[in-house]
Amino acid sequence: MRKIPIFASALFLAVAAAGCGGRDSASQADAAASATSATSAAPADPQAEPIVIERFDRAVMAYDSLDRHGRDSIAEAYTPVLLFLGGDNFNVDRLMSDIRVSQAQKVFGPDVERYLPDLFSIETSLGQLRANMAGELPGLQFPRHIYGIVTPYAQSIVVVADTSLLLGLNHYLGASYPGYQGYVENYMLPLKEPRRVVYDVAEALLAMRYPYAETDGSTLLSRMLYDGAILAAMLRTVPGSTLQSVMGYTDEQMRWAADNENAVWSELARRQLLYSTDPSVAARLMRPAPSSALLTPDAPGRIGRYMGYRLIESYLQHNPEESPAGFLADSLWLSPSTLRQSGYGK
């Protein structure tokens, strides 16, 4: 088995760059969750135009074989990518050559082509996401271009100046991809499936438009409410999504969370963690991890995120007129009255 370096994070990096303007199917786990999770999941829109993912990874491999006109065309077509990778002052020929011989491109380039030769399913889902976001969140600007790249970085999604999105295809080669073994933690492998692209893009765009501004007084509760609002917005915009799929949980993890929700809430309250301002508390309950061991080793990772969604879900049941832009506003997750208004636990 070939062992290769791989960055495990599936987070995104938002960058303001000056001057920048294999078919997969839904998992059985998602199908099972859709029968048991009460959500406002966005349906697939058969009229939505698919988004074309522009394959910079292929342009890199073809560059040396092109004449000057072909190379100039690539430089023009992929200017945002080149600016991000090379900075304001770069030589296109040298930069493309450096990328082509880079370790990331040599290792992942052939496998991206092998495992993801056809992105139609992903492009269709992204087109539906764009249509749903336009309806639910008209103030959110969807990128005009999405570029497929092979990235050496830990971030799988890079938003460049609101207008372009760089998609690290080598982060989505499937949980069973041999190159991940030994380099990606087991709990992260389910997040490496091609179908996760639309979820990660949705979350990146939502977090870009509605960022969480952490302060010294930020509490675990405020972070839970924020993440819960992001999940609620994803359920309204990601086609065919369920609470299980936006959480990235397995069947077993979802069952545990549902069966132990009251016990988790009681433990958070008993240990006075809800109003903790210790950043490490939020990190241990909100970020991807094998488990939420701060509460109990049996709890799946990101259990605080699940609880945050349940709080927002309860809030929306008591405030059905609230729009996505409203429940994503910082006035909601920073307000001391939101918990009371949610009626959760009563």
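The values are calculated or read from the model by the stated rules, or taken from the named source; none is laboratory data. As the structure is a computational prediction, the values presented were derived from the model and not from experiment. Counting neighbours? That spans all protein chains shown, and the Cβs are built from the backbone with ideal geometry, glycine included. Ligands, DNA and RNA are excluded from the accessible area calculation, which covers all protein heavy atoms including side chains. Shrake-Rupley method; radii C 1.70, N 1.55, O 1.52, S 1.80 Å.
Miscellaneous remarks
- Residues located in region 150-198, provided they are surrounded by 22 or more Cβ atoms within 10 Å (Cβ to Cβ) and aromatic (Phe, Trp, Tyr): Tyr172
- Residues satisfying the stated conditions in region 113-123, i.e. within 17 Å of Glu49 (Cα to Cα) and crowded, with 20+ Cβ neighbours inside 10 Å: Leu119, Ile122
- Single residue of region 199-216 satisfying the filter (hydroxyl-bearing (Ser, Thr, Tyr) and surrounded by fewer than 21 Cβ atoms within 10 Å (Cβ to Cβ)) that is modelled with the lowest pLDDT: Thr215
- The set of residues in region 290-312 being closer than 18 Å to Leu231 by Cα and either touching a Cys at 6+ places or on another chain (Cβ under 9 Å) or open to solvent by less than 50 Å² (accessible area, probe 1.4 Å) (or both) consists of Pro300, Gly301, Arg302, Ile303, Gly304, Arg305, Tyr306, Met307, Gly308, Tyr309, Leu311, Ile312.
- Pairs, first of a type in the set (A, V, I, L, M) in region 186-197, second crowded, with 19+ Cβ neighbours inside 10 Å and assigned to a helix (DSSP H, G or I), C-beta under 7 Å, six or more apart: Leu189/Tyr180; Val197/Ile122
- Residue within region 135-149 that is open to solvent by less than 10 Å² (accessible area, probe 1.4 Å), within 21 Å of Val197 (Cα to Cα), assigned to a helix (DSSP H, G or I) and of a type in the set (Val, Ile, Thr) present: no
- Pick from region 313-346, criterion in a loop (DSSP other than H, G, I, E, B) and open to solvent by less than 50 Å² (accessible area, probe 1.4 Å), ranking: modelled with the highest pLDDT: Leu328
- Residue in region 248-263 that is in contact with a helix residue (DSSP H, G or I) (Cβ under 6 Å, 6 or more places away or on another chain), farther than 23 Å from Ala202 by Cα and open to solvent by less than 30 Å² (accessible area, probe 1.4 Å) present: yes
- Restricting attention to region 65-112, the residues that are in a helix (DSSP H, G or I) and open to solvent by 70 Å² or more (accessible area, probe 1.4 Å) total 11.
- Some residue of region 161-170 being over 26 Å from Ala325 (Cβ atoms), out of contact with any strand residue (DSSP E or B) (no Cβ under 7 Å at 6 or more places or on another chain) and not aliphatic (A, V, I, L, M): yes
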